[in-house]
Amino acid sequence: NVPDHCWSQCDHRHFQVRQVGYKKTGKKAPTAKPMYEPIAIDCFCMDSRQDHIATQMQLPDTTALRNRLNKCEGNSKSIPPLLIFQIQLPSDPPPSMMSWSTAEDGPGWAICVFFQITEDTLQELENPKITSNGVQLLKEFCEKAADDPAWRARFKVIASSLNLDELG
């Protein structure tokens, strides 16, 4: 039973994701274990849009995690110990189609979700003989996405809410 106004971790197997060979088979299956785990969520009511809000926060010390990643073989050094997702939701109603407004600033909410690399992921990176396809893809993504918009476009966040009826 989850208390009101909070988040909780869910069973990762709820999420159906593309499998190897998806282009040919179209098959999805429950996802493997998460490579990052949620460690915090913050929600802010803002008067105006604030990009990169995490740069204004005190983040956990990830020195030990970064040191472990730096010792790994290959391109593991590009893998971040923390992933931070910022979702910005405007509180103003959307402009009408007739106004052709392109407003991208105004009051709203910023939701920041903080994820830390898991111990299992670190162990896979430290031992290339046991590295899964998912961790290999993470390494490749982190190496290429900074400079390649096509790689950046591949990234997806899959969220779930258990109480959509209550949220409205």
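The values are calculated or read from the model by the stated rules, or taken from the named source; none is laboratory data. Source: prediction; values computed, not measured. Every residue, glycine among them, receives a Cβ derived from its backbone with ideal geometry; neighbour counts consider all protein chains shown. Calculation scope for accessible area: heavy atoms of the full protein, side chains included, ligands and nucleic acids excluded. Shrake-Rupley method; radii C 1.70, N 1.55, O 1.52, S 1.80 Å.
Table: residues versus (1) farther than 20 Å from Arg13 by Cα; (2) modelled with pLDDT of 90 or more.
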{"position": "Gly106", "(1), (2)": "yes, no"}
{"position": "Ala110", "(1), (2)": "yes, no"}
{"position": "Glu119", "(1), (2)": "no, yes"}
{"position": "Gln123", "(1), (2)": "yes, yes"}
{"position": "Val135", "(1), (2)": "no, yes"}
{"position": "Phe141", "(1), (2)": "yes, yes"}
{"position": "Arg154", "(1), (2)": "yes, no"}
{"position": "Ser160", "(1), (2)": "no, no"}
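All but one of (1) out of contact with any helix residue (DSSP H, G or I) (no Cβ under 6 Å at 6 or more places or on another chain); (2) surrounded by 12 or more Cβ atoms within 10 Å (Cβ to Cβ); (3) part of a loop (DSSP other than H, G, I, E, B) hold for Ala32; state the number of the condition that does not hold.
Unmet condition: (1).
Under 8 Å between Cβ atoms, which residue pairs at least 6 apart in sequence (or on different chains) link something in the stretch 79-92 that is farther than 15 Å from Phe155 by Cα with a partner that is open to solvent by 40 Å² or more (accessible area, probe 1.4 Å) and small (Gly, Ala, Ser)?
Every condition considered, the pairs that remain are Asp92/Ala103.
Can you tell me which residue is farthest from Gly108 (Cα to Cα) among those in the stretch 63-74 that are exposed (fewer than 15 other Cβ atoms within 10 Å of the Cβ) and not charged (D, E, K, R)?
Per the stated criteria, the residue is Gly74.
Check Thr25 against each of (1) open to solvent by 70 Å² or more (accessible area, probe 1.4 Å); (2) of a type in the set (Ser, Thr, Tyr); (3) closer than 14 Å to Ile84 by Cβ and name the one condition it does not meet.
Of (1) open to solvent by 70 Å² or more (accessible area, probe 1.4 Å); (2) of a type in the set (Ser, Thr, Tyr); (3) closer than 14 Å to Ile84 by Cβ, only one is false for Thr25: (3).
Of all the residues that make up the stretch 42-55, how many are open to solvent by 100 Å² or more (accessible area, probe 1.4 Å) and within 19 Å of the chain's Cα centre (by Cα)? Quick ask: steps written out before the conclusion?
Our first condition is that a residue be open to solvent by 100 Å² or more (accessible area, probe 1.4 Å); within the stretch 42-55, this holds for 45, 47, 49, 52, 55.
From the residues that got through so far, the ones that are within 19 Å of the chain's Cα centre (by Cα) too are 52, 55.
Adding up the residues that qualify gives 2.
What's the number of the only condition in (1) open to solvent by 60 Å² or more (accessible area, probe 1.4 Å); (2) more than 22 Å from Glu37 (Cβ to Cβ); (3) touching a helix residue (DSSP H, G or I) at 6+ places or on another chain (Cβ under 8 Å) that Trp151 fails to meet?
Checking Trp151 against (1) open to solvent by 60 Å² or more (accessible area, probe 1.4 Å); (2) more than 22 Å from Glu37 (Cβ to Cβ); (3) touching a helix residue (DSSP H, G or I) at 6+ places or on another chain (Cβ under 8 Å), the one that fails is (1).
Name the single residue that is surrounded by the most Cβ atoms within 10 Å (Cβ to Cβ) among those in the stretch 110-148 being in contact with an Asp or Glu (Cβ under 9 Å, 6 or more places away or on another chain) and among the β-branched types (Val, Ile, Thr).
Ile117
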